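Participant: Pasting in a structure now, in structure tokens, and then I'll have a few things to ask.
The values are calculated or read from the model by the stated rules, or taken from the named source; none is laboratory data. Small disclaimer: the values here were computed from a predicted structure and weren't measured. So basically every Cβ, Gly included, is an ideal-geometry build from the backbone, and we count neighbours across all protein chains shown. The protein model used for the area step is the full one, side chains on, heavy atoms only, and it has no ligands, DNA or RNA in it. Shrake-Rupley method; radii C 1.70, N 1.55, O 1.52, S 1.80 Å.
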Amino acid sequence: RMRLATFVLVQVLLPLVVGDECCWCGKRYYQGTPSLPHADYVDVNPVEGVVVLSKSFYLAEEQLEVMTFVHGDGSDTYKIDISADSEKATFALHQPSARINQTTIYRTSISMHLQPNTTTTVNWILSAPSRIIASGTLNLAVAPSIEFLNRIGAVRIVYRKQDSSRYLERFSEHTNGAQPFFPFGYYISWPLIQQDLTQINRTIGNILHPVSPFSGLDTVEIAVSASAAANFPWMYDMRHNTDNLTSITEQVLRFRENSGIMSWYIADEPDGAGNTEGLPIGMAPTVVEAAYRLIQQLDPYHPVSLVLNCKYSAPFYTGFTDILMVDPYPVGIKTDFCSDMYGCCGCDDCTGNVTDVSDRMDFVGSLISYSKPIHFVGQGFGDGQHWTGAPTSQQFRIMTYLGFMHNNEAGISYWIQGDNDYPLLQDAIVLYKQLSQLIPTTYSENSIATPIIPLLPSPNVHASAWFNPDTLLAVAVVCNVANETVSGVSVRFTNFTVLAAGVDVLFEEQPRMIEMLRGQFEDMVPLPPLGIRVYSVMVNDQRNMGDALLTTQAKQ
């Protein structure tokens, strides 16, 4: 399965493990074996230190984010002194953004003027009133905007000025300059990718993720170049080379100029299986760190990505990737096979419901203080191993929408079993067509996202809304995650003017419009279990969307 320029000084303290059985997410496989701490990694804490995150990697004027890890409950007073080039700054740490185990995490933003097209040394000192806690030096590579705009195939992570949310931007020979780019694609087997890619059907998505190992770099180059010609770039998989820096160097230098590359994928669930005693959370973060820092030096024009499986592991790895992918696969898991202390169900700490997707997307974002854009990996399989069956069409579709609506700034990929006739692949094609229609509103340079706030609490209804002030178009998505029908949905937009007399209901067999009165509409067509409803309306709000309020009533 399965922001540029992040530089981190974080190590991990790991408990000693005794026994022969392999581990997963910090838990033993077998009931009755000596227990390890639960998957929240009790007694496993990042070393105290500072993570420097570049917010706009390709701009000469850098807006830096700083994440700080300190042991304790955050009751002490901490400050950071930081310098880069001739710039110096000192700031105090106030409100913690997250906690994991005995570690408190802070997040702060600072502005620094960095020289473009250079490698800048960043020095930092973390201190409390009576002691210096830690210090470090990081090398930050800075590339100018003009360099990006002249680099075919380059991808960068851009911050929106209005709310600091993020989107990906790609410069392609197939488009008019750099354009917002929401990746949508699939993990695909290497034998399949060796077929004639010039005939690839672009209705299925816009990226591919061929799964390594590959059969020779000469063959890979042919396939990558064919993908470039088809405008179907790769998330280039190096999962088997994470600890082989020589191999990583060879591959990155060979393909970094090829527009068939979208990103570098350096690790597949490194937090999962602990194959070595004393390493219960899998591949040591220091191994991933070395690969990440190397690639950022070799190729600052493509982001690095990795996928995590365990619920609580993100703070240990988030400093060593630009795009953080999560792959909750909840449908069909055997929850009776595992507990808080043992077993691997295939979806760590999941309940087996579709809401495991939204819960994981929100939880991981909160755990890392929203410091990295998150990419959702969807479940399109289920027979064998940890799962009793694959998702139904309805489950597959609503998990996709939940993964799209909740804290997603970096795309969607699927792990789908089967051939081209596999039913869920056909559903994915439909979903790509639908989301492609929404992306200009939800993922543009000036898009504004806002949750829809329930007027009447309804935990079984998930809803989100977006507005694009350039097109004056707003869209709202409502999902019913319950096993009962929702009999009515009422949405009221506030703080802006509705320009249309009606709201279009999208993606239904028959076109439908609902009357809009004083900024509010009611849709009384029942929304079935696992149902999805998408609305579109013309509005004008002077680039301030305000709140969209939602009322729902569940059928008794």
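Participant: Would you grab the residues whose amide H sits under 5 Å from the one on A482? Only those 5+ places off in sequence or on another chain, please, with H modelled 1.01 Å from N.
Facilitator: L530
Participant: Starting with the highest mean, order 179-189, 315-325 by the number of other Cβ atoms within 10 Å, averaged over the residues of each peptide.
Facilitator: Peptide ranking by packing, descending: 315-325, 179-189.
Participant: Per-residue HN-Hα couplings for the range 224-234, Karplus 6.51 cos²θ - 1.76 cosθ + 1.60 at θ = phi - 60°, whole Hz, x for Gly and Pro?
Facilitator: Along the range 224-234, the couplings run 5, 5, 5, 5, 4, 5, 8, 6, 10, x, 9 Hz.
Participant: Give the accessible surface of the range 318-413 per residue, rounded to a whole number of Å², with probe radius 1.4 Å and ligands, DNA and RNA excluded.
Facilitator: 27
Participant: If you average 1/r over all unlike Cα pairs in the range 225-269 and invert the result, what Kirkwood radius do you get in angstrom?
Facilitator: Computed over the range 225-269, the radius equals 10.9 Å.
Participant: Each label point is 7 Å from the Cα along the Cα-to-Cβ direction; what then is the distance between the points at T175 and N123, in nm?
Facilitator: 4.1
Participant: List the residues whose amide H sits under 5 Å from the amide H of Y78, counting only those 5 or more places along or on another chain, with H placed 1.01 Å from N in the peptide plane.
Facilitator: For Y78, whose amide H was placed from the backbone, the distant partners under 5 Å are L93.
Participant: Another question about this same structure. Ignoring solvent entirely, what values of log10 I(q)/I(0) come out of the Debye formula for the range 351-448 at 0.13, 0.20, 0.25 Å⁻¹ when each Cα is a single scatterer?
Facilitator: -0.49, -1.06, -1.40
Participant: Write down, largest first, the equivalent ellipsoid semi-axes of the range 371-519 in whole Å, where each equals the square root of 5 times an eigenvalue of the alpha-carbon gyration tensor.
Facilitator: Gyration-tensor ellipsoid for the range 371-519: 30, 18, 16 Å.
Participant: How far apart, in nanometres, would the label points at S111 and A134 be if each is projected 7 angstrom from Cα along the Cα-to-Cβ direction?
Facilitator: Using points 7 Å along Cα→Cβ, the separation is 2.9 nm.
Participant: Give me a comma-separated list of calculated 3J(HN,Hα) values for the range 245-261, in order, Karplus coefficients 6.51, -1.76, 1.60 applied at θ = phi - 60°, integers in Hz, x for any Gly or Pro.
Facilitator: My calculation for the range 245-261 gives 5, 5, 5, 4, 4, 4, 6, 5, 5, 6, 10, 5, 8, 8, 6, x, 9 Hz in order.
Participant: Taking H as built 1.01 Å from N, whose amide H comes closer than 5 Å to the amide H of G378, not counting residues under 5 places away?
Facilitator: Amide H neighbours of G378: S413, Y414, W415.
Participant: Here is a further query. Out of the total accessible area of the range 326-453 (probe 1.4 Å, heavy atoms of protein only), what percent is carbon and sulfur?
Facilitator: That fraction is 51 percent.
Participant: Determine the alpha carbon to alpha carbon distance for each of K334/K372; K79/K372; K311/K372; K334/K433; K88/K311 and list only those over 27 Å.
Facilitator: With Cα atoms farther than 27 Å apart: K334/K372; K334/K433; K88/K311.
Participant: If I model a spin label as a point 7 Å beyond the Cα along the Cα-Cβ vector, how far apart are those points for H71 and L499 in nm?
Facilitator: 5.8
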